[in-house]
Amino acid sequence: MLDPFIGALSLQRVHHDTLAPYIRSRLEKGRSAGTINRDLAVVRHILILASRLWRDETDRPWLPVAPLIQMQRHSHRRPPYPLSVPEQRLLFSELEGHLVSMALFKVNTGMREQEVVNLRWKWEVVVPELSTSIFVIPPDYVKNGLDRYVVLNRIARSVIESCRGRHSEFVFTREGSPVTHIYNSGWKGARRRAAARYERVFGCPCPAGFRSIRVHDLKHTYGHRLRVAGVSLEDHKLLLGHKAQHVTTHYSAPEIGTLIEASERVCQLESLASPTISVIRAHAERLR
C-alpha cells in the first residue's frame with residue numbers, strides 16, 4: 001500500500017511530509033485513523049531500526065536520526081464498552097463453539113486477541129505449591145515486550161481443560177487447525193444477531209456500543225469487573241498485562257496465589273449483574 005507513494009524514494013527522503021499523500025489517499029477512501037496509524041507505525045519502526053540498529057559497510061547507521069512520524073488523531077474514537085453479565089450471555093449465546101470458548105477465556109483473563117489465538121501448551125507452567133498452573137507468554141508474543149503471566153480463575157481453568165488434548169501445540173483450534181482471529185465474520189454475525197434480539201430480551205433499545213462490540217471490549221470488561229470487585233490497582237495492572245515499573249519477570253508462588261484470588265472475584269457473575277452500567281449508560285445517552 002505504501003509502495004506507490006514512497007517506493008521510489010531513498011530512505012533519507014522518507015518522512016512525515018513525503019507520507020502526506022499516502023495519508024490523504026487513505027482518508028479519502030474512508031480509512032480510520034487507527035488503520036492509518038498501524039501502517040505509519042510500521043514505517044516509524046523501520047526508520048528507528050535504520051537509525052539505531054542497522055549499519056552500513058563503514059559501521060555507520062543507515063540514518064543519522066529517525067524523523068518524527070506524526071500519528072493521526074482519533075477524532076471519533078469509540079469509547080470502550082464493558083459488557084454487563086446479561087449482555088455477555090446474550091452475545092455469547094450467538095457465538096460458535098470455538099469462538100465462545102476463546103471469548104469466555106478472554107473475558108476471564110484480560111488477554112489480548114493475539115495472545116489468545118497464539119496460546120501454546122508449552123507455555124503452561126505448573127505451580128506445585130498451589131496445585132495449579134499458569135501460562136507464561138514470551139515477550140515476542142506480547143504487545144509491551146515483557147513476559148505475560150496469565151493466571152486462571154475457575155472459569156478460565158474450565159475452558160483450558162475443555163481444550164486439553166485437542167491439539168499438540170495450540171490451545172485454541174477449530175477442526176484441528178489453529179485459529180488466527182476472534183474478530184471475524186463469525187463474530188460480526190453473532191454481534192448482529194445479538195443486537196437484533198437485544199430489545200426483546202432487555203426491553204430497551206440496543207446501545208450503539210453493543211451493536212459494534214469489539215473483541216478488545218472483552219479485555220475492558222475484565223478490567224471493569226476487577227475494579228467492581230475491589231481488586232487493587234497494582235494487581236489490576238498485573239492481571240491485565242499492562243506495562244508498569246513494578247512488573248517483574250518472575251513471581252513467587254504466594255504472589256501468583258494473590259493474583260489468582262483476585263481474578264476469582266470476577267467469577268461471581270450473579271453478584272456483578274447489577275444495573276450500575278445500564279444506569280450510567282442511560283445517563284450518558286441523555287447528555288448527548
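Each reported figure results from applying straightforward, stated rules to the coordinates on display, with no laboratory input. Computed from a predicted structure; not experimentally measured. Quick reminder, even Gly has a Cβ in these numbers, built from the backbone with ideal geometry, and neighbours come from all protein chains shown.
Can you work out the Karplus-derived ³J(HN,Hα) for every residue in segment 15-21? Use 6.51 cos²θ - 1.76 cosθ + 1.60 with θ = phi - 60°, whole Hz, and x for glycine or proline.
Result, ordered by residue: 7, 4, 5, 6, 8, 4, x Hz.
So, how do all the Cα-to-Cα distances of segment 41-96 break down into 5 Å bins, in percent, from 0 on up?
In whole percents, the pair-distance histogram is 4, 15, 13, 9, 8, 7, 8, 9, 8, 9, 6, 3, 1.
Translational D (Stokes-Einstein, µm²/s) of the chain at 4 °C and 1.567 mPa s when Rh comes from the Kirkwood sum over C-alpha pairs? Numbers along the way, then the final one.
Values: Rh = 21.7 Å.
Translational diffusion coefficient: 60 µm²/s.
Return the loop-located trypsin sites (Lys or Arg not before Pro) in segment 1-84 (DSSP other than H, G, I, E, B) with at most 12 other Cβ atoms within 10 Å of their own Cβ; answer none if there are none.
Passing both the DSSP loop test and the Cβ count: Lys29, Arg73, Arg77.
Taking R0 as 35 Å, what's the FRET efficiency between Ser168 and Arg193 from their Cβ-Cβ distance, rounded to 0.05?
Numbers: r = 34 Å, r/R0 = 0.98.
After rounding, the FRET efficiency stands at 0.55.
Quick one: plug the Kirkwood hydrodynamic radius of segment 138-188 (C-alpha pairs) into Stokes-Einstein at 20 °C, 1.002 mPa s, and report D in µm²/s. Please report the intermediate quantities before stating the final value.
On the way: Rh = 13.1 Å.
Answer, rounded: 164 µm²/s.
Counting only helical runs of four or more DSSP H residues, what would the 222 nm mean residue ellipticity of the chain come to if each run contributes -39,500 (n - 2.57) and the total is spread over all its residues? Each step should come with its number before you reach the end.
Working: 14 runs with 141 residues, N = 288.
One gets -14500 deg cm²/dmol as the mean residue ellipticity at 222 nm.
Distance in nm between label sites at Arg31 and Ser51, each 7 Å beyond Cα in the beta-carbon direction?
About 2.3 nm separates the two model spin labels.
Where does the charge balance sit around Leu9 when Lys and Arg score +1, Asp and Glu -1, over other residues with C-beta under 15 Å from its C-beta? Before the final figure, lay out the partial values.
Values: positive: Arg13; negative: Asp3, Asp17.
For residues surrounding Leu9, the net value is -1.
How much of the pair distance distribution for segment 2-119 lies past 22 Å, counting alpha-carbon pairs only, in percent? Numbers along the way, then the final one.
On the way: 3922 of 6903 pairs.
The share of Cα pairs beyond 22 Å in segment 2-119 comes to 57 percent.
Rounded to whole Å, give me the distance from the Cα center of segment 63-120 to that of segment 1-60.
26 Å
Take the cross-link list Lys122/Lys143; Lys29/Lys143; Lys188/Lys237; Lys122/Lys188; Lys29/Lys188 and give me the ones stretching past 24 Å between alpha-carbons.
Numbers: Lys122/Lys143 20 Å; Lys29/Lys143 29 Å; Lys188/Lys237 29 Å; Lys122/Lys188 31 Å; Lys29/Lys188 22 Å.
Flagged as over cut-off: Lys29/Lys143; Lys188/Lys237; Lys122/Lys188.
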